[in-house]
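Right, one structure below, let's go through it.
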Amino acid sequence: MIRRHFFLHVTALAALGLGACRPPESDVPAPEVAVVRDVLASDGGMVVSAYPEASVAGAEVLAAGGNAVDAAIATGLALAVTHPAAGNIGGGGFMVIRFPDGSSTAIDFREKAPLRAHPEMFVGEDGEYSYQIHHRSHLAVGVPGTVAGFALAHEKYGNAEWAGLVEPSVALARDGFVVSERLAGSLGRMVDRFRDYPASYAQFSRDGEPYEVGDTLLQADLAATMERIRDEGRDGFYLGMTARLLAEEMERGGGWITEEDLARYEAKEREPVRGTYRGYDVISMPPPSSGGTALVQMLNVLEGFDVAGMGAGNPEVAHHLIEAMRRAFRDRAMFLADSDFADVPVERLTSKAYADEIRPTIQPAAASVSAPADVDAAADWESSETTHYSVVDADGMAVSVTYTLEGGYGSYITVPGAGFLLNNEMGDFNGRPGLTNESGLIGTDANLARPEQRMLSSMTPTILARDGELVAVIGSPGGRTIINTVLHLVVNTVDFALAPADVVAAKRLHHQWLPDRARLENGYMSEADGDVLAAMGHEVGWTGSQGIAHCIFVDGATGELVGVPDPRDSDGAAAGY
Ligand code: DON
């Protein structure tokens, strides 16, 4: 039941040009779902995602009796229609689930390298490493994992009929949805870039004319693909027509993904990374993401400092955050990769004992230097085109999902006849053995492209609990900044005890070991305090925005769910009943 009144009824969506989704079939009238682009409190179920229709698709599944896994699937598929920059069926990601009894699990649907992959595959005919091949070519596409991940999650933990979870996406693609101002702007900026990709150009512009706010975006080919997924489940994507169309596009463009690669793709259930921070349980994503491991490592280090006493947003706390980040990102570059292929020392990296070794290396008010001892350089900054969403059902089952195409609109390649964009996730593998340089490449062995290996990720879908009770479902896009955004969300919750809206709105900062530079969101601190931080030896830069954290919190006093769309995203929306 919704307890706050500044919400819009779903029936009001159309009047606002937001459109609406059909609920799954049910004989019992489902409770009414509300959707807002602001904080929403409810004692029923809740979804917070990057687009209103996608949040509604999930919330209606909850209202009709589906559980949080069901709703996460419906929301994820709906985002593949309404949020094409990052929502996807042609990419991959991670789902962390906490059950009402306090147990937890994780679903890994990260993309894999095709069978033909090898560590030198991003080298051009001239014998040189090629950024173009690595990030913007058919070879940059990994074998997609999203549909397999959702199918596995549904098979193991879902409650509702699969078809009913896919149907809202079929309808959104077939009947269209109303283009928001942000989406119109985003698609408009892509028109020229899509010129080389005819199926993308056709799907996301009107003969080269950008869509405008209020227009209806119809995606007939995508609707047909969603129908195959609705009717055949996983096989509707990995076998038959969809797989054939994808493999044909690969052949046309010199990519290596074959129908065999698609048929062999498997999502995996994994043990989450678990840590504790001042009595809170932290449940997050294990390899092939570096996120959970680095997050727990940083929290363990910070646990030995009086972070609350330092206070938020000042040079002292910034210094300690930066130093914890610097060390975790160095270890990330050294050790993290797909644990099915490399021996990743997760247990040691996330141990309290290791944090005890790290802490004394941090000076109280002087920056360390990111000495690239074993690795010569590290990666550059990344954009924020991934998407995170959070779901909690009325029984307290919580689902945290972050998934991506890697760059915004991935490889820019829409599969002709199938209507979905392909990722460019192969760019998350290291470029070439031993290749490190000033522009930000890492050449360490563990994360090189190999047949069926998963590329290292930073995505950090996370769940917080305390004394057996759910506290928060959190996560963010933002490439490497993701891990640090989630760190802020935890520290803001635990150390600074901020109200949910403030936990998300508070300014963030980022440091990733190399380049040896801290980047603060404008307003994180005053310029004078920035000078104090610089005087400690930190290189300080400023940025407009870091991350988009669509989160759900549990109000400790009332037990209500509090959905908080990150105000950094104008389309983010909480939907609940
Ligand atoms: O898996 C990862 O960590 C990245 N591919 C996520 C990408 C992202 O957040 C957007 N920025 N490039």
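The values are calculated or read from the model by the stated rules, or taken from the named source; none is laboratory data. These figures come from a predicted structure and were not determined experimentally. All Cβ positions, glycine included, derive from the backbone under ideal geometry; neighbour counts span all protein chains shown. Accessible surface areas use protein heavy atoms only, side chains included; no ligands, DNA or RNA. Shrake-Rupley method; radii C 1.70, N 1.55, O 1.52, S 1.80 Å.
Enumerate the amide H contacts of D281 below 5 Å, restricted to partners 5 or more residues apart or on another chain; note that Pro and chain-start residues carry no placed amide H.
Excluding prolines and chain starts, which carry no amide H, the hits are A465, R466, D467.
Show me, bin by bin at 5 Å from 0, the whole-percent P(r) of segment 244-385 based on Cα pairs.
Using 5 Å bins, I get a P(r) of 2, 8, 15, 16, 16, 14, 10, 6, 5, 4, 3, 1 for segment 244-385.
In vacuo Debye scattering of segment 419-523, one point per C-alpha: log10 I(q)/I(0) at q = 0.10, 0.14, 0.17 Å⁻¹?
-0.42, -0.75, -0.94
Let me check I have the definition right: for segment 25-105, take the eigenvalues of the Cα gyration tensor, multiply each by 5, take square roots. What are those semi-axes in whole Å, largest first?
Equivalent-ellipsoid dimensions as semi-axes: 20, 17, 13 Å.
Suppose R0 equals 56 Å. What FRET efficiency, 1/(1 + (r/R0)^6) with r the Cβ-Cβ distance, do K268 and D531 give to the nearest 0.05?
Values: r = 48 Å, r/R0 = 0.86.
After rounding, the FRET efficiency stands at 0.70.
With θ set to phi - 60° and the Karplus curve 6.51 cos²θ - 1.76 cosθ + 1.60, what are the ³J(HN,Hα) couplings of segment 61-69 in order, to the nearest whole Hz, using x for Gly and Pro?
The phi angles translate into 4, 4, 4, 8, x, x, 8, 5, 5 Hz.
Name the residues whose placed amide hydrogens come within less than 5 Å of the amide hydrogen of E120, ignoring near sequence neighbours (fewer than 5 apart) on the same chain.
Those qualifying (amide H under 5 Å, at least 5 residues apart or on another chain) number zero.
Using modelled amide H (1.01 Å from N, peptide plane; none on Pro or chain starts), what sits under 5 Å from the amide H of S457, excluding residues fewer than 5 places away?
Residues meeting the criterion, in which the H sits 1.01 Å from N, are S289, S290.
P(r) tail for segment 488-577, what percent of Cα pairs lie past 18 Å?
53
Taking the Cα-to-Cβ direction at D555 and at V213 and moving 7 Å from each Cα, how far apart do the two end points lie in nm?
3.2
Suppose only helical runs count, i.e. DSSP H with n ≥ 4. What mean residue ellipticity at 222 nm does that imply for the chain under -39500 (n - 2.57) per run, divided by all residues and rounded to the nearest 500 deg cm²/dmol? Let's see the in-between values first.
Numbers: 20 runs with 195 residues, N = 577.
Calculated at 222 nm, the ellipticity per residue is -10000 deg cm²/dmol.
To the nearest whole percent, what portion of all C-alpha pairs in the chain is separated by more than 31 angstrom?
Details: 72200 of 166176 pairs.
That tail contains 43 percent of the Cα-Cα pairs.
Extending each Cα 7 Å along its Cβ direction at E347 and E232, get the distance between those two points in nm, one decimal.
Simple spin-label model gives 4.3 nm for this pair.
Please calculate how many Å² of accessible area segment 461-574 carries per residue, with a 1.4 Å probe and no DNA, RNA or ligand atoms counted.
The answer is 31 Å² per residue.
How much accessible area per residue does segment 150-205 have, counting only protein heavy atoms and a probe of 1.4 Å, in square angstrom? All intermediate terms of the calculation are to be shown ahead of the outcome.
Numbers: 2400 Å² over 56 residues.
On a per-residue basis, segment 150-205 sits at 43 Å².
Classify segment 178-227 from the C-alpha gyration tensor, please: rounded if a/c falls under 1.5, else prolate or oblate depending on whether a/b exceeds b/c.
Working: a/c = 2.22, a/b = 1.14, b/c = 1.95.
Cα axes put segment 178-227 in the oblate bin.
Could you tell me which of rounded, prolate or oblate describes segment 124-195, using a ≥ b ≥ c as the square roots of the eigenvalues of the alpha-carbon gyration tensor, with rounded for a/c under 1.5 and, failing that, prolate when a/b is larger than b/c and oblate otherwise? Could you put the intermediate results ahead of the total?
Working: a/c = 3.93, a/b = 1.41, b/c = 2.79.
The shape class here is oblate.
How are the C-alpha pair distances of segment 160-275 spread across 10 Å bins, as whole percents from the shortest bin up?
Bin by bin from 0 Å, the calculated values are 13, 30, 33, 21, 3, 0.
On average, how much area does the Cα convex hull of segment 89-152 cover when viewed from any direction, in nm²?
Taking the Cα atoms of segment 89-152, their convex hull projects to 5.8 nm² on average.
Report the dimensions of segment 156-209 along its three principal axes from the alpha-carbon atoms, largest first, rounded to Å.
For segment 156-209, the Cα extents along the three principal axes come out at 43, 24, 20 Å.
Straight distance only, please: which lysines reach the Cα of K156 with their own Cα at less than 30 Å, same-chain residues fewer than 8 apart left out?
Result set, ordered by chain and number: K112, K268.
Quantify, in whole percent, the carbon and sulfur part of the accessible surface of segment 414-536 (1.4 Å probe; protein heavy atoms only).
So the carbon and sulfur contribution to the accessible surface is 49 percent.
Run the accessible area of segment 171-210 with a 1.4 Å probe and give the carbon-and-sulfur part as a rounded percent.
Working: 920 of 2000 Å².
Of the solvent-accessible surface of segment 171-210, carbon and sulfur hold 46 percent.
Where does the Debye-calculated log10 I(q)/I(0) of segment 63-218 sit at q = 0.15 Å⁻¹, using only Cα point scatterers of equal weight, no solvent?
Each listed q corresponds, in turn, to -0.96.
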